[in-house]
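Visitor: Mind having a look at this structure? Questions to follow.
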Amino acid sequence: MDTSIHTLQTLFFQLGLASNEEQIRVFIEKHRPLPRNIALSEADFWSEAQAAFLAEAIEEDSDWCALVDELDSLLREKYSWIN
């Protein structure tokens with residue numbers, strides 16, 4: 001059983017993306033705002049594997065679900081999440 005605590009950094013690592021705070025900020029700034037009519041996993045900037053992971057996390061209500069929801073919210077905001 002996986003008892004590790006997931007963070008936004010570990011989610012980015014799991015997705016195979018740069019995972020330090022600055023690189024996460026740059027990724028979010030680059031890809032937002034994500035339109036409301038596009039599901040997070042359907043955004044065109046994900047690879048097939050990344051999209052599948054994100055969709056599965058939500059569908060299965062996995063332990064990644066809360067972080068995927070947080071990422072979804074961050075990508076839909078208009079303004080910077082880190083000063």
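The values are calculated or read from the model by the stated rules, or taken from the named source; none is laboratory data. These numbers come from a predicted model, not from an experiment. Heads up, the Cβs are rebuilt from the backbone with ideal geometry, glycines too, and the neighbour counts pull from every protein chain shown.
Visitor: I'm trying to understand the selection: among the residues of the range 12-31, which are buried (at least 16 other Cβ atoms within 10 Å of the Cβ) and not in a helix (DSSP H, G or I)?
Guide: LEU15, SER19
Visitor: Another one. State all residues of the range 67-77 that are without any contact (Cβ under 8 Å) to a residue 40 or more places away in the chain and either over 18 Å from ASN37 (Cβ atoms) or surrounded by 14 or more Cβ atoms within 10 Å (Cβ to Cβ) (or both); if no residue qualifies, say none. I'd like the intermediate steps shown before the answer.
Guide: Going through the range 67-77, the residues without any contact (Cβ under 8 Å) to a residue 40 or more places away in the chain turn out to be 69, 72-73.
Residue satisfying the conditions is ASP72 alone.
Visitor: In this structure, does PHE53 turn out to be closer than 19 Å to LYS78 by Cα, in contact with a Leu (Cβ under 7 Å, 6 or more places away or on another chain) and either surrounded by 14 or more Cβ atoms within 10 Å (Cβ to Cβ) or not hydroxyl-bearing (Ser, Thr, Tyr) (or both)?
Guide: Here the answer is no, as PHE53 does not meet what is asked.
Visitor: As an exercise: evaluate GLN9 against (1) touching an Asp or Glu at 6+ places or on another chain (Cβ under 8 Å); (2) not in a helix (DSSP H, G or I) and give the number of the one condition it does not meet.
Guide: (2)
Visitor: Let me ask you something else. Name, by its number, the condition in (1) at pLDDT 95 or above; (2) assigned to a helix (DSSP H, G or I); (3) surrounded by fewer than 16 Cβ atoms within 10 Å (Cβ to Cβ) that does not hold for SER41.
Guide: The failed condition is (3).
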